[in-house]
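> Here it is, the structure, as structure tokens.
All of the numbers you see were taken from the coordinates with simple rules; none came from a lab. All figures in this text were calculated on a predicted structure; none of them were measured in a lab. Positions of Cβ are generated from backbone atoms using ideal geometry, with glycine treated the same way; all protein chains shown enter the neighbour counts.
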Amino acid sequence: MPRPPKTRRVGLIPSITYFNPTGASALEADVIRLGLDEWEALRLKDYMGLDQNDCARYMNLTQSTFQRILTSARLKLTSVVVEGKPLRIEGGNYEVINRWSCRLCGYEWEDFGEPDEKITHCPSCGLEGVEKEVYGSGWGQPGCQGHGRGRRRRRGR
Ligand SMILES: [Zn+2]
């Protein structure tokens, strides 16, 4: 029996999950489905401009698996642009990972859980109000691609 696929780590959940270029109602069969793992691959590599090694490491994947997911995601996105099909972001094999970094003592840690838990306290020094760190913080702001590149992570695996 083949081994079950490794769970792919996703650091952010998209806020908009449905895109319909024509605005017309669409048959479900025509909707292209982009998995959360595929969305994360696009976000890290093409949007953030991160190095492919880093992308694979962030998602807990081998480079070849990451490349395969990225290729599939690009193809889906391209068919939306070329064919004008609606796109829905849903499903995929993934778990949400939260990374935290304390601005007071510098302690860094990870946990898995609900994406809406954006604030917690530091388990090392007890500082309240530590904010969730998204890869390459500053995401979504033009000109911030790769902002978090090369940062050392104490607990990198
Ligand atoms: Zn701390």
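> Spelling out what I want: for every residue of segment 37-44, take phi, set θ = phi - 60°, compute 6.51 cos²θ - 1.76 cosθ + 1.60 (Karplus), and round to whole Hz; glycine and proline get x.
Taking θ as phi minus 60°, the curve returns 5, 5, 4, 5, 4, 5, 5, 5 Hz for segment 37-44.
> First measure r as the distance between the Cβ atoms of VAL81 and ILE119, then evaluate 1/(1 + (r/R0)^6) with R0 = 25 Å and state the FRET efficiency to the nearest 0.05.
Efficiency, rounded to the nearest 0.05: 0.10.
> Taking the alpha-carbon distance from LYS132 and a cut-off under 15 Å, which aspartates and glutamates remain once sequence neighbours fewer than 8 residues away in the same chain are dropped?
Of all the aspartates and glutamates, those that pass the test against LYS132 - Cα under 15 Å, at least 8 places apart if same chain - are GLU108, GLU110, ASP111, GLU114, ASP116, GLU117.
> OK, next. I need the phi-derived Karplus couplings for segment 82-91: 6.51 cos²θ - 1.76 cosθ + 1.60, θ = phi - 60°, integer Hz, Gly and Pro marked x.
Coupling constants for segment 82-91: 7, 9, x, 7, x, 10, 10, 9, 6, x Hz.
> Calculated FRET efficiency, SER64 and ILE16, Cβ-Cβ r, R0 25 Å, to nearest 0.05?
0.25
> For segment 56-106, which trypsin sites (Lys or Arg not before Pro) pass both filters: DSSP loop (anything but H, G, I, E, B) and at most 15 other C-beta atoms within 10 Å?
Sites meeting the loop and neighbour criteria: ARG103.
> Right, here's the next one. Ordered by residue, what ³J(HN,Hα) values in Hz, to whole numbers, does segment 93-108 give under the Karplus form 6.51 cos²θ - 1.76 cosθ + 1.60, where θ = phi - 60° and Gly and Pro are x?
9, 7, 9, 8, 10, 10, 10, 10, 9, 7, 6, 8, 10, x, 5, 10
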